[in-house]
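Peer 1: Before anything else, here's the structure in question.
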Amino acid sequence: MLVSTNCFVRSNSSDSRECRVGEDMLLIHGRIGEFPGGVPTFSVVIYNMCLNPRCTAHHVHVSCGEFASTTLISPHVFRRLSPGDCLVKDGLGISAGESVYFTYANAAPYDLSVSFVKYVCE
C-alpha cells in the first residue's frame, strides 16, 4: 500500500524527471539461509532507483507488521517505530542509485513494502 509520494524540485535543472515511490523505490526481500538452530535468515535491500541524480529519498518508511528479529539490526539502518511502521536509515537521505541492506532472522518472513518516501530534488 502506498501512503504518500512527494517530489519537491528546487532548481531550474533540465533534468526535471520526478521520482515516485511505486516506480523508483524498490524493496527486494528474500530468504538467504538459516542459522545452526534452523532459524531462517532473510536479506532486505531497499534501493533508490530514481533516474534523477538530483533527487534524494528521505523519511523512507516500510510497512512491516510486528517486525522483530532474533539477530541484531542496527537501529540506524532499520527500526520499528510502531506496529506496521518501520523507519529506514533514521529517515536520512538515500541518494539516487544508493541502497540500504540488512539481514534478519525469524521463523517466517515479514510482508515488507515501502509505504512512504519524501523525495527532495535539488
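The values are calculated or read from the model by the stated rules, or taken from the named source; none is laboratory data. Quick caveat: nothing in here was measured; it's all calculated off a predicted structure. Neighbour counts are summed over all protein chains in view; Cβ atoms, including those assigned to glycine, are modelled from backbone coordinates with ideal geometry.
Peer 1: Considering only residues of region 101-111 that are touching a Phe, Trp or Tyr at 6+ places or on another chain (Cβ under 8 Å) and of a type in the set (A, V, I, L, M, F, W, C), which is surrounded by the fewest Cβ atoms within 10 Å (Cβ to Cβ)? Steps first, please.
Peer 2: At the first step, the residues of region 101-111 found to be touching a Phe, Trp or Tyr at 6+ places or on another chain (Cβ under 8 Å) are 102-106, 109-110.
Going one step further and asking which of them are of a type in the set (A, V, I, L, M, F, W, C), we end up with 102, 105.
Numbers: Phe102: 16, Ala105: 18.
Only one residue tops the list, namely Phe102.
Peer 1: Can you tell me how many residues within region 46-89 are of a type in the set (Asp, Glu) and farther than 16 Å from Val114 by Cβ?
Peer 2: Number satisfying all stated conditions: 1.
Peer 1: Here's a follow-up. Quick check on region 73-88. Is at least one of its residues among the acidic types (Asp, Glu), surrounded by 14 or more Cβ atoms within 10 Å (Cβ to Cβ) and closer than 17 Å to Met25 by Cβ?
Peer 2: yes
Peer 1: So, Glu98, is that one in contact with a Ser or Thr (Cβ under 9 Å, 6 or more places away or on another chain), surrounded by fewer than 18 Cβ atoms within 10 Å (Cβ to Cβ) and of a type in the set (Asp, Glu) or not? Talk me through it step by step, then tell me what you get.
Peer 2: Working: in contact with a Ser or Thr (Cβ under 9 Å, 6 or more places away or on another chain): yes; surrounded by fewer than 18 Cβ atoms within 10 Å (Cβ to Cβ): yes; of a type in the set (Asp, Glu): yes.
When the stated conditions are applied, Glu98 passes them.
Peer 1: Spot the failing condition for Pro36; the list is (1) modelled with pLDDT of 90 or more; (2) loosely packed, with under 12 Cβ neighbours inside 10 Å; (3) more than 14 Å from the chain's Cα centre (by Cα), and only one is missed.
Peer 2: (1)
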